[in-house]
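Right, one structure below, let's go through it.
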Amino acid sequence: GRLDLDTEGLLLLTDDGELTNFLLHPRNRVEKEYLVWVTGDLEKGLPVLSSPMELDGERVNPAEVRRGKSTGNVHQLSVTIHQGKNRQVRRMCAQAGLEVLRLKRVREGDLLLDRSLKPGQWRSLTEEELLLLTGPLSG
């Protein structure tokens with residue numbers, strides 16, 4: 001999946017077309033989980049985020065949203081989506097009246113971000129991690 005310039009976190013690089021298609025195609029409902037730091041009226045915004053909405057005239061499925069820590073007026077959310085529209089989480093938050101301060105993808109399918117990596121670092125996937133992504137393909 002792609003990440004915009006202002007988003008950090010898990011990014012997979014591959015030349016495996018079948019895997020790419022599987023991960024990106026909405027019919028496969030591969031979960032993408034983000035940690036999102038927002039400001040705004042959370043009580044009004046959360047029901048909007050958790051409901052179906054339209055982005056550019058196209059319906060998007062509701063996000064699964066869990067509240068995290070709050071520090072002052074900054075709130076951390078875990079937002080899980082199954083689609084991957086351009087800047088989807090940012091645009092969903094904007095429709096919910098929330099301003100995104102930071103956005104970090106932490107999971108794609110069952111594959112979790114390796115938090116030991118610093119920004120800009122990369123590593124190859126282990127065989128076990130690859131199986132987390134390709135398991136459904138091998139059937």
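The values are calculated or read from the model by the stated rules, or taken from the named source; none is laboratory data. Everything numeric in this text was worked out from a predicted model, so none of it was measured. Cβ sites come from the backbone with ideal geometry, for glycine too, and all protein chains shown count toward neighbours. Just the protein is used for accessible areas: all its heavy atoms, side chains included, with ligands, DNA and RNA removed. Shrake-Rupley method; radii C 1.70, N 1.55, O 1.52, S 1.80 Å.
What the table below lists for this structure:
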quantity: Test: residue in the range 38-52 that is closer than 29 Å to Glu128 by Cβ and part of a helix (DSSP H, G or I); calculated: no
quantity: Some residue of the range 122-139 being over 19 Å from Asn21 (Cα atoms), loosely packed, with under 13 Cβ neighbours inside 10 Å and touching a residue at least 12 places away in the same chain (Cβ under 8 Å); calculated: yes
quantity: Residue satisfying condition, being within 23 Å of Val30 (Cβ to Cβ) and surrounded by 14 or more Cβ atoms within 10 Å (Cβ to Cβ), within set Leu117, Leu98, Leu103; calculated: Leu103
quantity: Test: residue in the range 111-128 that is farther than 15 Å from Leu10 by Cα and in contact with a strand residue (DSSP E or B) (Cβ under 9 Å, 6 or more places away or on another chain); calculated: no
quantity: Test: Arg67 is closer than 25 Å to Asp110 by Cβ and either without any contact (Cβ under 8 Å) to a residue 40 or more places away in the chain or among the small types (Gly, Ala, Ser) (or both); calculated: yes
quantity: Every pair of residues 6+ apart whose Cβ atoms lie under 9 Å, when the first sits in the range 78-104 and is within 11 Å of Leu55 (Cα to Cα) and assigned to a strand (DSSP E or B) while the second is among the charged types (D, E, K, R) and open to solvent by 20 Å² or more (accessible area, probe 1.4 Å); calculated: none
quantity: Enumeration of residues in the range 53-77 that are within 23 Å of Leu5 (Cβ to Cβ), outside any strand (DSSP E or B) and more than 16 Å from the chain's Cα centre (by Cα); calculated: Asp56
quantity: Residues being within 16 Å of the chain's Cα centre (by Cα), open to solvent by less than 30 Å² (accessible area, probe 1.4 Å) and either aliphatic (A, V, I, L, M) or farther than 17 Å from Leu101 by Cα (or both) - total across the range 1-27; calculated: 3
quantity: Residue among Val74, Val30, Val60 that is at pLDDT 90 or above and surrounded by 11 or more Cβ atoms within 10 Å (Cβ to Cβ); calculated: Val74
quantity: Criterion (part of a loop (DSSP other than H, G, I, E, B) and touching a Lys or Arg at 6+ places or on another chain (Cβ under 7 Å)) met by exactly one of Asp15, Asp4; calculated: Asp4
